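Here the structure comes first, spelled out in structure tokens, and everything after it is commentary.
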Amino acid sequence: MSKAMKKVKVIKIDVDKCNGCRACELICSAFHASPKYSSNNPERSRIRLIRDPIKDIYLPVYAGEYTPAECTGRNKYVIDGKEYNECDTCRASCPARDLFKEPDSGLPLKCDMCDGEEEPMCVKWCLAKALTYEEREEEREEEPQLGEMEIGLESLVNRHGLQKVMDTVARLSKKG
Amino acid sequence: MGYAEAGFNLEIDLTRGSIERVPTDPGLSKLYLGGLGTNAKILWDRVPPEVEPFAPENLLIFGTGLLVGTPAPGCNRTIISTISPQTKLMAYSMMGGFWAPELKYAGYDKVVFRGKSPELVYVYIHNDKVEIRDASHLRGKGAVETQELIRKELKDPNVQVAAIGLAGENRVFTASIEQGRSSASRLGIGAVMGDKGLKAIAVRGTKDVNIAKPAEYMELCNDVLKYISDREEKPVPGVMPILAGLGSPQEMLHTDEKWHTENFSWGNSRTRRKEFWTKEIEEKWTETQENARTRLISCYNCPMKCGAIISLPGMSTYMMKCFSKLTYNMAAFVDDLDFGFRIAQRATEYGVDGFSTPQIMAFAFELREAGILTDKDFEGCPDDNEGKFYWLLDRIVRREGIGNILADGTHWAAQHIGNGAEAYAHNNIKKHEQLPLKLGMLNPIYFLMYCTGEKLNITQIEGQFPQAPFPTMEEREEFVKDWVHVPDEKFKQYLLDWEMRGENSNPYYPTVDMSVDIVDWQEKMHYIDDALGMCAGLSSFPLKPPYHIHNYPKFISAATGMEIDEDGLATIYKRNRNLIRAINVRRGLKREDEKPPEDHWRKRFPELEEQLLDAYYKFKGWNEQGVPTKESLHELGMDYISEDLEKRGILSYE
Ligand code: SF4
Ligand code: SF4
Ligand code: SF4
Ligand code: SF4
């Protein structure tokens, strides 16, 4: 595969600055509603705040790749005297938890960096500046990117098996 | 599909254990918006004046504001309404935090409780699934502790829980409802919740909240965010720090307490300590606060960080906001702020109002000093100021011994104790404990707000107009320059002409009519906020806030699709104002009740005060007793109120 310069979008997360407002969740879900901003629902957000005020845990986490299976080993991290579970720090849309799934269909959600916007919406709405945005150039091997549709299909395949998904698609296309 | 609103209320009868999901009448939003307005309508319709606060027929309503759950920053209020055991009038108390948005996402605008559960229960709302669950294992548990236990029990960290502590269970008249960093603490609504046998309400919602005109609405919200950022860079000069910025008073951020400690009274609202704030105290208090505070935190969708997580060695963590860090210190005459943070932890777990409760205790110790209460009443009470307060707090919350009498608040306790105790309950309005503030010269604006405010709590009535004149004309001109918030240009002139001394100063300036105008504006903003669910800290309370009478109609239209302009909004405000007034006059509120604590100002002007009240009533369309007239109710389309008031002989046939 060939090498190329790639722009990497980076959101820096400063957990010390997070005030727990969940504006990031709200605006992400509103931005991805269709039509845009026509509704909001933090459950649909591609960023979620892991929050346990009594333990002073405030950890914004972005939705990453879909995974069909949960990890067998799950570690614990102690940072600054606070204990985090592996899943708290994990970005996966994973069967082990409800996070990063569409509430009605269960389809996985993934942060798309608000493609097309000057600045990610969650960053824009985080006045506390716990989330800041930067771009970085990196040399990379090019690899094909999965589109949103493919990710969704892949998760359906993982869940129901390829044959069942194909049958359903065939049935749906007949209904037309 | 509804916009902004969920379109359903939950009706829960705790006696029968029944749960109903009832569609709301969209026509009501057009008349009363939502939140406080529609809460009040329900109370008017369903709770006649004969119903006592602790009767099963009394309702306890948890309402979300109309715009709660939409992207409008800071719009997160739960408005809780019932009949107050303290005043026997309508109580409404607001809490911020996360509960109301979660209820909207679960698909409800309100939860209306009636009846009484024979056993202690809690209610779990998860979208369409609503259950009444056993809470016997939570009896006696702290209000914060209960929230944690329920989250664990339900295995969902994202459940939002509003809970009472021991004080609510024991129907202490100053019991609060606690929820994360927020609480609804005034007027004893936690006691009504306890009386109903309801320990907590846990909510989880994963549905959408819809917006009628998305692009327009988002632009308005973005403007607000930008305004907040800019405004934070530009504190209002010439006023004290907590009035210079936005938000609730930033008591968790600021450590400079010179103003509060030297201007507010200590003890039973008696002693001013004008030299209190020394260098040494300042250093010590700053250190204490910075050590106690782990993080500054916000309510749902708000950047303001008015609250803090408080963690001190040897006790469990809790959250605090506003002035309660000082109230216990000042009531108990304790100069170490560490005491304030520690006793507030216990008080928060008990779930009591951090304003009234310390005042009750200071009142009790004054009665003991005066020999009206005796050492027998205080058997086992330690001698030191800190120990005394911990001891009495425990007695009150448990309703043990003298605590059982004091738990009814200073007004009722004084009635019960007799022997001249009434004179010591000197800081009440309509039986409700006021801030410990004693001043010199009568201020006509504040006089009206104290007398007539249905909320009975000045911090939730005041705002918008500066509390005092600026000394120089330059400062005034500077202030009015970007004062876009005024409903009318005349308010700028009122401020420009307001002097510290001389003819154009208190008490005769602002004049009677100007004072009425100013109060009406301040009230209007609070009533609209409380109907929309907006935090006062971004609207009615601070100077030059992001929300005001000119942009609110646009927000409402874009969110709901309902056509509304400034006049329309003003009419809704009037309707809600009159509705709550009507509930209270029907419950016996009279002109003679509308007065500030006698010693609130040293210099009083009886004749002027009567004129002020007369003018205010007239402006509102009320008769000389403060009762809305038939004509003014008719104009607002509220003949149903005048008919009822006539039947009861409160309005006479003319
Ligand atoms: S918007 Fe920022 S401060 Fe608020 S929860 Fe998200 S990351 Fe934290
Ligand atoms: S959420 Fe992440 S860490 Fe947890 S089981 Fe799934 S993949 Fe593993
Ligand atoms: S970058 Fe965009 S898509 Fe990703 S979490 Fe933030 S708002 Fe959502
Ligand atoms: S201004 Fe303060 S109290 Fe109001 S919503 Fe924001 S954080 Fe909460």
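The values are calculated or read from the model by the stated rules, or taken from the named source; none is laboratory data. Note that the coordinates shown come from a computational prediction; the quantities given were computed from them, not determined experimentally. For neighbour counting, all protein chains shown are included, and Cβ atoms are generated from backbone atoms with ideal geometry for every residue, glycine included. Surface accessibility is based on the protein's heavy atoms, side chains included, excluding ligands, DNA and RNA. Shrake-Rupley method; radii C 1.70, N 1.55, O 1.52, S 1.80 Å.
Listed by first and then second residue, the pairs with beta-carbon distance under 8 Å, at least 6 apart or on different chains, first residue in region B:70-96 and more than 19 Å from B:GLY107 (Cα to Cα) and without any contact (Cβ under 8 Å) to a residue 12 or more places away in the chain, second open to solvent by less than 10 Å² (accessible area, probe 1.4 Å) and more than 16 Å from ligand 2 (Cβ to nearest atom), form an empty list.
Inspect region A:95-104 for any residue being away from every other protein chain (no Cβ under 14 Å) and over 20 Å from A:LEU131 (Cβ atoms) and give the result as yes or no. Can you show your working first?
Taking region A:95-104 and keeping what is away from every other protein chain (no Cβ under 14 Å), we get A:95.
Among the residues that remain, those that are also over 20 Å from A:LEU131 (Cβ atoms) are: A:95.
Within region A:95-104, one or more residues are away from every other protein chain (no Cβ under 14 Å) and over 20 Å from A:LEU131 (Cβ atoms).
When the residues of region A:43-57 are filtered to those that are more than 7 Å from chain B (Cβ to nearest Cβ) and touching a Lys or Arg at 6+ places or on another chain (Cβ under 7 Å), the one that is modelled with the lowest pLDDT is A:LYS55.
Condition check ((1) open to solvent by 10 Å² or more (accessible area, probe 1.4 Å); (2) within 16 Å of ligand 3 (Cβ to nearest atom)) across all residues:
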{"site": "B:ILE297", "(1), (2)": "no, no"}
{"site": "B:ASN301", "(1), (2)": "no, yes"}
{"site": "B:TYR318", "(1), (2)": "no, no"}
{"site": "B:CYS322", "(1), (2)": "yes, no"}
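Is it the case that some residue within region A:115-127 is aromatic (Phe, Trp, Tyr), closer than 20 Å to A:PRO42 by Cα and not in a loop (DSSP other than H, G, I, E, B)? Taking every residue of region A:115-127 in turn, at least one turns out to be aromatic (Phe, Trp, Tyr), closer than 20 Å to A:PRO42 by Cα and not in a loop (DSSP other than H, G, I, E, B).
Scanning region A:142-154 for residues that are free of Cβ contacts under 8 Å to residues at least 24 places away in the same chain and either more than 16 Å from ligand 3 (Cβ to nearest atom) or in contact with a helix residue (DSSP H, G or I) (Cβ under 8 Å, 6 or more places away or on another chain) (or both) yields a count of 5.
When region B:247-270 is filtered for residues that are in contact with a helix residue (DSSP H, G or I) (Cβ under 6 Å, 6 or more places away or on another chain) and of a type in the set (A, V, I, L, M, F, W, C), only B:TRP266 remains.
Restricting the search to region B:552-569, which residues are surrounded by fewer than 18 Cβ atoms within 10 Å (Cβ to Cβ), in contact (Cβ under 8 Å) with a residue 40 or more places away in the chain and part of a loop (DSSP other than H, G, I, E, B)? Scanning region B:552-569 gives a single hit, B:GLY561.
Can you tell me how many residues within region B:271-285 are among the polar types (S, T, N, Q) and either in contact with a helix residue (DSSP H, G or I) (Cβ under 9 Å, 6 or more places away or on another chain) or open to solvent by less than 30 Å² (accessible area, probe 1.4 Å) (or both)? Residues flagged as among the polar types (S, T, N, Q) and either in contact with a helix residue (DSSP H, G or I) (Cβ under 9 Å, 6 or more places away or on another chain) or open to solvent by less than 30 Å² (accessible area, probe 1.4 Å) (or both) within region B:271-285 amount to 0.
Kindly indicate whether any position in region A:83-98 is assigned to a strand (DSSP E or B) and acidic (Asp, Glu). Write out each step before concluding.
Our first condition is that a residue be assigned to a strand (DSSP E or B); within region A:83-98, this holds for A:83-85, A:93.
Of the ones still in play, those that are also acidic (Asp, Glu) are A:83.
The answer is yes, given that some residue of region A:83-98 is assigned to a strand (DSSP E or B) and acidic (Asp, Glu).
Within the bounds of region B:66-76, is there any residue that is of a type outside the set (Asp, Glu) and under 30 Å from B:PRO118 (Cα atoms)? Even if it seems obvious, please write down each step before you answer.
If we filter region B:66-76 for residues that are of a type outside the set (Asp, Glu), which is where we start, we get B:66-76.
Add one more test, that the residue is under 30 Å from B:PRO118 (Cα atoms), and what stays is none.
Looking through region B:66-76, none of the residues is of a type outside the set (Asp, Glu) and under 30 Å from B:PRO118 (Cα atoms).
Within region B:62-113, being within 14 Å of chain A (Cβ to nearest Cβ) and part of a strand (DSSP E or B) holds for one residue alone: B:CYS75. Taking region B:177-215, which residues are within 18 Å of B:LEU67 (Cβ to Cβ) and assigned to a loop (DSSP other than H, G, I, E, B)? Answer for region B:177-215, where residues must be within 18 Å of B:LEU67 (Cβ to Cβ) and assigned to a loop (DSSP other than H, G, I, E, B): B:GLY205, B:LYS207, B:ASP208, B:ILE211, B:ALA212, B:LYS213.
Annotation for region A:132-141: at least one member residue is touching a helix residue (DSSP H, G or I) at 6+ places or on another chain (Cβ under 7 Å) and either more than 14 Å from chain B (Cβ to nearest Cβ) or not in a loop (DSSP other than H, G, I, E, B) (or both).
Could you count how many residues in region A:1-39 are within 14 Å of chain B (Cβ to nearest Cβ) and touching a helix residue (DSSP H, G or I) at 6+ places or on another chain (Cβ under 8 Å)? First the steps, then the outcome.
From region A:1-39, those within 14 Å of chain B (Cβ to nearest Cβ) are A:14-39; that's our starting set.
Checking which are touching a helix residue (DSSP H, G or I) at 6+ places or on another chain (Cβ under 8 Å) leaves us with A:20, A:22-33, A:35-39.
Residues in region A:1-39 being within 14 Å of chain B (Cβ to nearest Cβ) and touching a helix residue (DSSP H, G or I) at 6+ places or on another chain (Cβ under 8 Å): 18 in total.
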